[in-house]
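Notes follow the structure.
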Amino acid sequence: MLLKDRVAVVTGGTRGIGYAIVKKYLENGAKVVLFGSKEESVNKAVQSLKAENPDWVVEGMWPNLTDSEEMEQAIAKVGEKYGRLDILVNNAGLAAGFEHLDRGSTADWNAMIDTNVKGLLYVTRIITPKMIAAGGGHVINIGSIAGTEPYENGAVYCASKHAVHAISQAM
């Protein structure tokens, strides 16, 4: 119970790396609020985790990561319920469109930049003042090797993950 009484928020927590992070925090005693983009996938992840261990304190939310006001409201609910926010894992990410820039979709570019960069910034900006006021906390930003090793047809995705790398270093 290394993390007993700790509260973690994990974005992109419904599958893959995010889901594994949520599970590991739960196994170590943390209370976890996982964020996902779709109500159905959030509910499925939470049900699966509770079925594995009914004593785990886990819940899910599906606010729009790219809407700072909606995120503010969601984080406020988490803070009201648990009274603290100790850990933030910025895991949510999106890869869309793999064309050369001259054929790329601006809608895909906007979606990646809004999710991978602005979403991370919004959540971090909302949660870190609460951590500072409480005396500390941990922010973990999940990036990608694509942020330091770009590949053909991945210019915008690679740029967004480079931004995650730079933000992490600058923090």
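The values are calculated or read from the model by the stated rules, or taken from the named source; none is laboratory data. In this text the structure is predicted, and so the values were computed from the model without any measurement. Counting neighbours? That spans all protein chains shown, and the Cβs are built from the backbone with ideal geometry, glycine included. Note: areas computed on protein heavy atoms with side chains; ligands, DNA, RNA excluded. Shrake-Rupley method; radii C 1.70, N 1.55, O 1.52, S 1.80 Å.
Among the criteria (1) open to solvent by 20 Å² or more (accessible area, probe 1.4 Å); (2) farther than 23 Å from residue 97 by Cα; (3) under 15 Å from the mean Cα position of the chain (by Cα), the one residue 127 does not fulfil is (1). Which ones in the stretch 1-27 are open to solvent by 40 Å² or more (accessible area, probe 1.4 Å), modelled with pLDDT of 95 or more and assigned to a loop (DSSP other than H, G, I, E, B)? Within the stretch 1-27, 6, 15 meet the criteria.
The set of residues in the stretch 36-60 being over 18 Å from the mean Cα position of the chain (by Cα), of a type in the set (D, E, K, R) and surrounded by 15 or more Cβ atoms within 10 Å (Cβ to Cβ) consists of 50 alone.
Reported count of residues in the stretch 50-83, each being assigned to a loop (DSSP other than H, G, I, E, B) and either of a type outside the set (D, E, K, R) or closer than 24 Å to residue 23 by Cβ (or both), is 11.
Yes or no, residue by residue, for (1) closer than 25 Å to residue 113 by Cα; (2) out of contact with any strand residue (DSSP E or B) (no Cβ under 7 Å at 6 or more places or on another chain):
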| position | (1), (2) |
| --- | --- |
| 9 | yes, no |
| 14 | yes, no |
| 59 | no, no |
| 73 | yes, yes |
| 81 | no, yes |
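When 106, 148 are checked against the criterion of being open to solvent by 40 Å² or more (accessible area, probe 1.4 Å), hydroxyl-bearing (Ser, Thr, Tyr) and in contact with a helix residue (DSSP H, G or I) (Cβ under 8 Å, 6 or more places away or on another chain), 148 stands alone in meeting it. If I ask for residues that are free of Cβ contacts under 8 Å to residues at least 24 places away in the same chain and either of a type in the set (Val, Ile, Thr) or out of contact with any Leu (no Cβ under 8 Å at 6 or more places or on another chain) (or both), which ones from the stretch 98-119 would you list? Result: 102, 103, 105, 106, 107, 110.
Only one of the numbered conditions (1) open to solvent by 10 Å² or more (accessible area, probe 1.4 Å); (2) in contact (Cβ under 8 Å) with a residue 40 or more places away in the chain; (3) touching a strand residue (DSSP E or B) at 6+ places or on another chain (Cβ under 8 Å); (4) not basic (Lys, Arg) is violated by residue 63, and that is (2). From the list 133, 166, the lone residue that is open to solvent by 70 Å² or more (accessible area, probe 1.4 Å) and either touching a residue at least 24 places away in the same chain (Cβ under 8 Å) or out of contact with any Asp or Glu (no Cβ under 9 Å at 6 or more places or on another chain) (or both) is 133. Pairs meeting the criteria (first residue in the stretch 81-97 and within 14 Å of residue 139 (Cβ to Cβ) and of a type in the set (Val, Ile, Thr), second residue outside any loop (DSSP other than H, G, I, E, B) and open to solvent by less than 20 Å² (accessible area, probe 1.4 Å), beta carbons under 6 Å, at least 6 apart or on different chains) are 87/8; 89/10.
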